[in-house]
1. Does region 52-93 classify as rounded, prolate or oblate by the C-alpha gyration tensor (a ≥ b ≥ c root eigenvalues; a/c under 1.5 gives rounded; else a/b over b/c gives prolate, otherwise oblate)?
2. Any chance you could check the Cα centroid distance between region 39-110 and region 139-154 for me, in angstrom?
3. Can you work out ³J(HN,Hα) from phi for every residue in region 58-69, in order, using Karplus 6.51 cos²θ - 1.76 cosθ + 1.60 and θ = phi - 60°, giving whole Hz and x for Gly and Pro?
4. What number comes out for the charge environment of ASP146, summing +1 per Lys or Arg and -1 per Asp or Glu over other residues with Cβ under 10 Å away?
5. Could you check the simple spin-label distance between THR167 and ARG28, using points 7 Å along Cα→Cβ, in nm with one decimal?
6. For the chain, what is the number of Lys pairs with C-alpha distance below 26 angstrom, counting only pairs 8 or more positions apart or on separate chains?
7. Given points 7 Å out from each Cα along the Cα-Cβ axis, report the ILE252 to ASP179 separation in nanometres with one decimal.
8. Report Rg(Cα)/(2.2 N^0.38 Å) for region 213-302, keeping two decimals.
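The values are calculated or read from the model by the stated rules, or taken from the named source; none is laboratory data. In this text, all values refer to a predicted model and were calculated from it rather than measured experimentally. For neighbour counting, all protein chains shown are included, and Cβ atoms are generated from backbone atoms with ideal geometry for every residue, glycine included. All accessible areas refer to the heavy atoms of the entire protein, side chains included, with ligands and DNA or RNA removed. Shrake-Rupley method; radii C 1.70, N 1.55, O 1.52, S 1.80 Å.
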Amino acid sequence: MGRQLKITAEQIAQFQQDGYLVIDHLVRPDLVERLRDRIEPLFYGQFETGIYPDEWYWRPGLSLPDVTREICNGWKCDRTLASVALSSTIGYITATLSGWPGARIGQDSVWWKPPGGKAVALHQDGTYINYIEPPEMATCWIALEDVTADIGTIEYAVGSHTWPLFTHEIGEFHAPERDYQAAMKSAAAAAGVAQPKVVKIEMPAGSCVVHHGNTWHGSGPNLTSDRPRRSLGVHTLSSAASFRPDVPAGYIYGRYKRVGDTTMDESFFPILWTQNGYRTPFLQEYCGDALALEALPQTVAV
């Protein structure tokens, strides 16, 4: 049986004010365990579908042991991950909070921060999608263990989605040598914010936090000696999104842009949910929908 979920007007208002919103217990415990069990095999090159990910940051025996590890577009490699990353529920949540007619996936990020793992620099996702129209993104970050401040959980500069967009890359992203909050602090100063408020999200496994594409976020080091921090981030775009014809696309998204065509092909950017009920047809056969709702609610009007 499906689940009940409805995003309220109050939640939309909080998202618009803070730039992020926590939703408890999105993923049931047995599914969280199954997702966790898929993380390590992926990084060791065990791809259920035979398809390699679009980015594979950390290889056993080749990479430093204390960096935070990331795989992009694990949904193409593993159907268990796909059943969550491509869920209509995530599409509904992100589209409703963002005011879109629907949502499609841009990419997912599978994260594995080992004990002692280093920080990930605070950044804005919007910096990296200037080649998409509309240039808007919402990310659903799902904790696959209980996350606390000391484990290197995701953190946000509250309200920073209202600051001007950082238009150039921040430099070191994984395992920065300098202060991992440095770029955010510079952006805050430029926005006239002397003391930005940074919140480290603490929540149980299976819960998620959704953030606006312009919200500054990242994570500190994992200070524990025995607790990995694994998570799944799903970066969504409007279902109406297309490539801009006048801006070169990024190195992941751009490899799926057809010459002379601005359409975002649903084979690579499937639509998860729309207000009119449309969902990319091949998803049901490919992976199903592990978070399926009993009914598709309508977007809340505010």
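1. Prolate is the answer for region 52-93, as a/c is 1.5 or above and a/b outweighs b/c.
2. Centre-to-centre distance over Cα atoms comes out at 16 Å.
3. These are the phi-based 3J(HN,Hα) values: 3, 10, x, x, 10, 9, 4, x, 10, 8, 6, 9 Hz.
4. Cβ neighbours under 10 Å give a net charge of 0.
5. Here the modelled spin labels are 4.9 nm apart.
6. Lysine pairs, 8 or more places apart or on different chains, close enough: 11.
7. 2.8
8. That ratio works out to 1.45.
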